[in-house]
1. Yes or no: residue 37 surrounded by 10 or more Cβ atoms within 10 Å (Cβ to Cβ) and at pLDDT 85 or above?
2. Can you pull out the residues in region 128-152 that are of a type outside the set (Val, Ile, Thr), surrounded by fewer than 19 Cβ atoms within 10 Å (Cβ to Cβ) and in a loop (DSSP other than H, G, I, E, B)?
3. Of all residues in region 146-159, which are farther than 23 Å from residue 126 by Cβ and modelled with pLDDT of 75 or more?
4. Return the only residue of 134, 162, 110 being over 13 Å from residue 35 (Cα atoms), modelled with pLDDT under 85 and not charged (D, E, K, R).
5. Please state which of the following conditions residue 159 fails to meet, knowing it meets all the rest: (1) acidic (Asp, Glu); (2) assigned to a loop (DSSP other than H, G, I, E, B); (3) surrounded by 15 or more Cβ atoms within 10 Å (Cβ to Cβ).
6. Working only within region 117-142, note down all residues that are acidic (Asp, Glu) and without any contact (Cβ under 8 Å) to a residue 24 or more places away in the chain.
7. Residue 98 - would you say it is surrounded by 13 or more Cβ atoms within 10 Å (Cβ to Cβ) and under 19 Å from residue 135 (Cβ atoms)?
Amino acid sequence: MNLGGNLTIPDASLTKLDARLYCIAHVLRVRRLIVPRYQRSYAWGSEQINTFWEDLRSAILSPIPSYFLGTIVLSSESDAREGVIIDGQQRLATAALLIAVIRDQFKRAGDDSRAQALQSEFLTYRDLTCGTEGPRLTMNSDDAEFFSAYIVGDQQVQEPSGASKRRI
C-alpha cells in the first residue's frame, strides 16, 4: 500500500507471524539457535538466575508441573533449521547452561548414557559436512567461543575474561 510520497507499507499478506506454545525442550531440540551480533552479551546475574531457578523448582514441586518461561521470538531469515533469536536469549542461554550442569552431574555420577542423551538432544548437533559437534545455541560473537566450549563439553574451557563470560 502506497501512502503517497516515498512511504510504502508492505501488504500484510507478505508478513507472517506464527505464534505457538512450545516447551523449552522442543525449542532447544528442533533448531539451531543463533544470537545475532547486535544482541547484548549474556547479562543475567545471580538475582535473575536465582529467580529463574526458584520458579522452575516451584513448578517441578507443584502437583501440576508447568512453568511459563516467557516469550521467545525467533526469526527464520535464511534456513528453516536455524532460528535467529530476537528476544529470549538470556532465558534460552540460562536453560542451556542448566542442562549442561545436569549433564555434568550425570557424568560425575558415572551415568554417561544420560549425560550423552542430554548432550545430543538439547545442547549440541553433529555437523555432517565436517564431522564436528557444535552447540545448538550460538551466542553473539563476544560470548560464542566461551559458551560453545562449555556447552560442547569436550573442549578445554578457558578462564573467563570479561563480565559476560564470568556470568556464564
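1. Against the criterion (surrounded by 10 or more Cβ atoms within 10 Å (Cβ to Cβ) and at pLDDT 85 or above), residue 37 does not qualify.
2. Answer for region 128-152, where residues must be of a type outside the set (Val, Ile, Thr), surrounded by fewer than 19 Cβ atoms within 10 Å (Cβ to Cβ) and in a loop (DSSP other than H, G, I, E, B): 128, 130, 131, 141, 142.
3. 159
4. After applying the criteria, what remains is 162.
5. (3)
6. Passing the criteria: 127, 133.
7. yes
This table checks each residue for (1) touching a helix residue (DSSP H, G or I) at 6+ places or on another chain (Cβ under 7 Å); (2) loosely packed, with under 12 Cβ neighbours inside 10 Å; (3) not in a loop (DSSP other than H, G, I, E, B).
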residue	(1), (2), (3)
18	no, yes, no
52	yes, no, yes
69	yes, no, no
84	no, no, yes
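The values are calculated or read from the model by the stated rules, or taken from the named source; none is laboratory data. Note that this is a predicted model, so its numbers are computed, not measured. When we count neighbours, we look across all protein chains shown, and the Cβ atoms used for this are built from the backbone with ideal geometry, even at glycine.
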